[in-house]
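The values are calculated or read from the model by the stated rules, or taken from the named source; none is laboratory data. Computed from a prediction, not measured in an experiment: that's the story for all the values here. We place every Cβ from the backbone using ideal geometry, glycine too, and count neighbours over all the protein chains shown. Heads up: the accessible areas ignore ligands, DNA and RNA and are worked out on the full protein's heavy atoms, side chains in. Shrake-Rupley method; radii C 1.70, N 1.55, O 1.52, S 1.80 Å.
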Amino acid sequence: MFCRDDFKAALSARLGGFESRRAAPGAGRPAAVAVAVTDGGFGAALSGMPTHAAWQADAALILTRRSLQLRAHAGQWALPGGRVEAGERVEETALREMREEIGLALGTDSVLGRLDDFVTRSGFVMSPVVIWAGPQAGFTPDPAEVETVHRIPVREFLREDAPLLAPGEDPDRPVLRMPVGDSWIAAPTAAILLQFREVCLLGRDTRVAHYDQPGFAWR
């Protein structure tokens with residue numbers, strides 16, 4: 001059975017021991033995304049999951065599908081996030097964007113830590129902020145930005161077929177996707193999900209900055 005306090009403590013400890021990397025100054029326009037951990041509504045332990053990891057079974061990450069009305073990247077999978085405004089810290093941006101996009105208002109005490117910055121092909125530096133959202137009954141998406149809100153169980157990111165890699169323009173930069181259900185999520189979101197899996201769920205200091213994005217995700 002999922003133990004919320006144990007999972008939160010494990011996430012805090014792993015992020016506390018992880019030295020996240022920042023992009024070089026001027027690498028892109030600053031942005032932040034919320035990697036928000038909530039309850040997923042799955043009480044049963046995962047088949048085949050080691051006993052010491054059973055507390056992961058009922059947790060989920062909050063992802064969205066971008067509004068179909070948007071001019072760019074409509075309908076794509078995303079984490080709540082956006083540009084860093086003047087005077088904001090990335091943690092504040094992630095919390096603000098989560099409140100504006102899906103109606104989830106949390107304080108700075110919900111921030112657990114950060115993952116590596118990811119420089120996107122479209123010229124942004126995405127700073128992922130891991131946030132403890134706890135149990136949530138529902139969300140109120142902004143229809144101008146968000147089509148739907150989803151709780152993706154963290155067990156999806158532990159699948160044996162993840163990650164999915166394909167050759168890119170540069171042989172040293174494979175294109176990354178993460179499978180979800182019968183579909184998949186593309187980088188840059190996929191890169192952040194992969195690093196969350198590696199650092200927060202598996203305790204590995206895995207880097208993801210070298211992964212590339214498919215063309216539709218940035219053109």
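Brief remarks follow.
- When the stretch 27-54 is filtered for residues that are at pLDDT 95 or above, more than 20 Å from residue 134 (Cα to Cα) and either touching a Leu at 6+ places or on another chain (Cβ under 8 Å) or assigned to a loop (DSSP other than H, G, I, E, B) (or both), the ones remaining, listed by number, are 27, 28.
- Any strands (runs of 3 or more DSSP E) falling wholly within the stretch 121-180 and containing at least 3 residues that are under 17 Å from residue 38 (Cα atoms): 124-134, 146-153
- Every residue from the stretch 98-146 that is out of contact with any Leu (no Cβ under 9 Å at 6 or more places or on another chain), aliphatic (A, V, I, L, M) and open to solvent by 50 Å² or more (accessible area, probe 1.4 Å): 119, 137
- Only listed residue being part of a helix (DSSP H, G or I) and modelled with pLDDT under 90, chosen from 216, 196: 216
Every residue, every condition in (1) open to solvent by less than 20 Å² (accessible area, probe 1.4 Å); (2) over 13 Å from the mean Cα position of the chain (by Cα); (3) of a type in the set (Phe, Trp, Tyr), yes or no:
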residue	(1), (2), (3)
153	yes, no, no
172	no, yes, no
196	yes, no, yes
206	no, yes, no
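- Of all the criteria given as (1) open to solvent by 20 Å² or more (accessible area, probe 1.4 Å); (2) touching a Pro at 6+ places or on another chain (Cβ under 6 Å), the one not satisfied by residue 158 is (2).
- Selection from the stretch 181-193 of residues that are assigned to a loop (DSSP other than H, G, I, E, B) and open to solvent by 50 Å² or more (accessible area, probe 1.4 Å): 182
- Of the residues making up the stretch 79-97, those that are touching a residue at least 40 places away in the same chain (Cβ under 8 Å) and open to solvent by less than 30 Å² (accessible area, probe 1.4 Å) are 79, 80, 81, 82, 90, 93, 94, 95, 97.
- Every residue from the stretch 118-146 that is touching a helix residue (DSSP H, G or I) at 6+ places or on another chain (Cβ under 9 Å) and closer than 12 Å to residue 192 by Cα: 118, 120, 126, 127, 128, 129, 130
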